[in-house]
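What follows is one structure encoded as structure tokens, with my remarks underneath.
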Amino acid sequence: MQKFEWSDQLSVGVPMIDTQHKELINAFNDLSEAIEQGTGASAIKKLLTFLKYFTEWHFEQEESCAAKHRCAVAETNHHAHTRFLNIFSALQIEYRESGASEEIARKAHTQLADWLVSHIMTIDTQIGACVRHARATSQS
Ligand SMILES: [Fe+2]
């Protein structure tokens, strides 16, 4: 499975958001590593538990930051997060019904990690630009 390297392309330029995104990327890289070693089935439970708490908290932080600075893309970002949570719920249901497997580990990686990386690069970078702009203008 694909591993993600942290790069300038992924950075939104706001330290709080970048730190949280790095945590998410690391969690997916851990899953990817486990899948390669054939231990995806035991890693999936850990990932789902982590994501359940971390994504909700992270999305809230990011959305309140975007709202505070009245970012134009705030609404789009909120809807995108809702879509992620829907994909995530479907995976949790599948996990509860059919249990841990290499297959569900792979599916979680494909559906969630790809979503995350493209979301960061297309939407969160716009949030980052907006927040940096707002901060720079309020300080001047
Ligand atoms: Fe976002």
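The set of residues in segment 33-51 that are free of Cβ contacts under 8 Å to residues at least 40 places away in the same chain and not in a helix (DSSP H, G or I) comprises 37, 39.
Scan segment 57-76 for residues that are surrounded by 13 or more Cβ atoms within 10 Å (Cβ to Cβ) and under 12 Å from the mean Cα position of the chain (by Cα) and report the count. Summing the residues that are surrounded by 13 or more Cβ atoms within 10 Å (Cβ to Cβ) and under 12 Å from the mean Cα position of the chain (by Cα) in segment 57-76 gives 3. Contact map, segment 52-77: first residue away from the ligand (no atom under 13 Å from the Cβ), second residue of a type outside the set (Gly, Ala, Ser), Cβ cut-off under 6 Å, separation 6 or more or different chains; pairs are 69/130; 69/131. Within the option set 105, 136, being assigned to a helix (DSSP H, G or I), buried (at least 19 other Cβ atoms within 10 Å of the Cβ) and more than 16 Å from the ligand (Cβ to nearest atom) holds for one residue only, 105. One residue alone among 114, 124 is within 14 Å of the ligand (Cβ to nearest atom), out of contact with any Pro (no Cβ under 9 Å at 6 or more places or on another chain) and either assigned to a helix (DSSP H, G or I) or without any contact (Cβ under 8 Å) to a residue 60 or more places away in the chain (or both), and that residue is 124.
If you go through segment 9-19 one residue at a time, do you hit one that is crowded, with 19+ Cβ neighbours inside 10 Å and part of a helix (DSSP H, G or I)? Looking through segment 9-19, at least one residue is crowded, with 19+ Cβ neighbours inside 10 Å and part of a helix (DSSP H, G or I). I'd like to check something: does segment 85-99 contain any residue that is in contact with a Phe, Trp or Tyr (Cβ under 8 Å, 6 or more places away or on another chain) and within 15 Å of the ligand (Cβ to nearest atom)? Yes, some residue in segment 85-99 is in contact with a Phe, Trp or Tyr (Cβ under 8 Å, 6 or more places away or on another chain) and within 15 Å of the ligand (Cβ to nearest atom).
Residue check: is residue 27 touching a residue at least 12 places away in the same chain (Cβ under 8 Å) and either exposed (fewer than 13 other Cβ atoms within 10 Å of the Cβ) or among the charged types (D, E, K, R) (or both)? No; evaluated as a whole, the condition is false for this residue.
FYI, it's all coordinate maths here, none of it is from the lab. All of these numbers come straight from a predicted model, not from anything done at the bench. FYI the Cβ positions are ideal-geometry reconstructions off the backbone, even for glycines, and counts take in every protein chain you see.
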